[in-house]
1. How about the range 1-115: which strands (runs of 3 or more DSSP E) wholly inside it have at least 2 residues that are surrounded by 15 or more Cβ atoms within 10 Å (Cβ to Cβ)?
2. Where residues in the range 337-361 are under 21 Å from the mean Cα position of the chain (by Cα) and touching a residue at least 60 places away in the same chain (Cβ under 8 Å), which of them is surrounded by the most Cβ atoms within 10 Å (Cβ to Cβ)?
3. With the requirement that a residue be touching a Phe, Trp or Tyr at 6+ places or on another chain (Cβ under 6 Å) and surrounded by fewer than 18 Cβ atoms within 10 Å (Cβ to Cβ), what does the range 244-283 give you?
4. Quick one: which of ALA375, ALA368 is buried (at least 23 other Cβ atoms within 10 Å of the Cβ) and either within 21 Å of the chain's Cα centre (by Cα) or aliphatic (A, V, I, L, M) (or both)?
5. For the range 1-34, which residues satisfy the criterion of being small (Gly, Ala, Ser) and modelled with pLDDT of 95 or more?
6. Look through the range 158-171, keep the residues that are buried (at least 17 other Cβ atoms within 10 Å of the Cβ) and over 22 Å from the mean Cα position of the chain (by Cα), and return whichever of them is nearest to GLY216 (Cα to Cα).
7. What residue, among those in the range 309-336 that are in a loop (DSSP other than H, G, I, E, B) and within 20 Å of ALA174 (Cα to Cα), is farthest from the chain's Cα centre (by Cα)?
8. Search the range 210-222 for residues being crowded, with 20+ Cβ neighbours inside 10 Å and farther than 21 Å from THR146 by Cα, and hand back the single one that is nearest to the chain's Cα centre (by Cα).
Amino acid sequence: MNENPSPFGGWFISTSSILAAKDGIKLTIAFPKKGLNDVQVLKGQIINYYYFPPVSDKGAKSSVGNIHLKKILDEVNPDIVQVFGTEFAHTLAMINICKNDKVVISIQGLTSVIARHYMLGLPVNIQNGFTLRDLVKQDNIKQQQTKFAKHGRLEIEALQKVKHIIGRTTWDKACTSQINPDAKYHFCNETLKGEFYKHCWDINRCEKHSIFVSNGSYPIKGLHFMLDAMPLILKRFPDTILYVGGFNVTKCDTLKDNLKMLSYGKYIKELIKKYKLDGKIFFTGLLDERQMCERYLKSHVFVCPSSIENSPNSLCEAMILGVPCIASHVGGIPDLIKHREEGFVYQTDAPYMLTHYVCEIFENQDMALSFSKKAREHALKTHDREENTKSLLKIYKSILQSRNSN
């Protein structure tokens, strides 16, 4: 398509490549693209791709009888339709067109639930404040939460209309069963990007007393909690450095930067000033698969301080590489990592406990090595590519058999 590839969604590429290479599987991938008036097709060697005009989330009519999605279904005539991204209008539109016994929703996160946790730990004035950019776009933190809740209503309607759901944690099973107790829940772990299976963390090659947080661009990723912990960590280990993945939300070098700043970025900037963290925090910018792998391997500790997650790929990637991990005890995270055996989990709004666990790993090499070994062993089983593909094929067969028996 002559476009720069996104660093996101690599797990999907890995899974689809392995799946499509299996005998008896013909895989088609459909996705929305702005600027289209009709469906377009790209024929790959083993996968065909259909891209379609985005479906509006404004009004119920847009999710009923979508001609573009119907055109794709009529041409492809799939046995199974697997949908990713529960919060999007095209998900509901696709489910409305499909017979509900041939479609299965794969849970990534759950927007309807995430909305409840969106502003955890943020002062009220920050929740309700505006930067110039927020005012123009009508998109401050409170309004972002409202948008999550709005998309969550689409998500709930979609989940209530299907008979089959694929998930991988106690959290997503609990949430989806409350939304649709009649749907059959199928368990299937995720396959990660290929690069993360090739390397292993070495304590002698990492940057001592360095911390990596993979994303700090919006509130649920919990960067503000990590910053609350930094002054206490620095008291014990003054040479500590924090690396934050993704773009620099505090960047204000130019007038354009200032005009684009979000309320959350402004708050992070205020915390950096309050805690005197200049020179202690570095934003990495967007990293591709190889660069992310390198950043993990250079880090002494990986921290996932989110206020809510299902099964964050960043934690899974860090574990499979063997980077010592600390994660907030939220959502599906307790299913991924065993406390005090494979890493540490802590109460998300208790940065003093995050401080304690970071310092424990910094000062105890044997502990770090033990966590590294056991977490890697666990993650290699959880994200076994062949086993996860077998599980997915078994789910497909189960759906087909249940449909044929009706």
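1. Answer list for the range 1-115: 27-32, 47-52, 81-84, 103-106.
2. Filtering the range 337-361 for residues that are under 21 Å from the mean Cα position of the chain (by Cα) and touching a residue at least 60 places away in the same chain (Cβ under 8 Å), the one surrounded by the most Cβ atoms within 10 Å (Cβ to Cβ) comes out as THR348.
3. Of everything in the range 244-283, just one residue is touching a Phe, Trp or Tyr at 6+ places or on another chain (Cβ under 6 Å) and surrounded by fewer than 18 Cβ atoms within 10 Å (Cβ to Cβ), namely PHE282.
4. Result: ALA375 is the single residue among ALA375, ALA368 that is buried (at least 23 other Cβ atoms within 10 Å of the Cβ) and either within 21 Å of the chain's Cα centre (by Cα) or aliphatic (A, V, I, L, M) (or both).
5. Taking the range 1-34 first, the residues small (Gly, Ala, Ser) are 6, 9-10, 14, 16-17, 20-21, 24, 30.
Passing the criteria: only ALA30.
6. VAL162
7. Result: HIS329.
8. In this case the residue turns out to be SER214.
The values are calculated or read from the model by the stated rules, or taken from the named source; none is laboratory data. Note that the structure is predicted; figures quoted are calculated from it, not measured. Cβ sites come from the backbone with ideal geometry, for glycine too, and all protein chains shown count toward neighbours.
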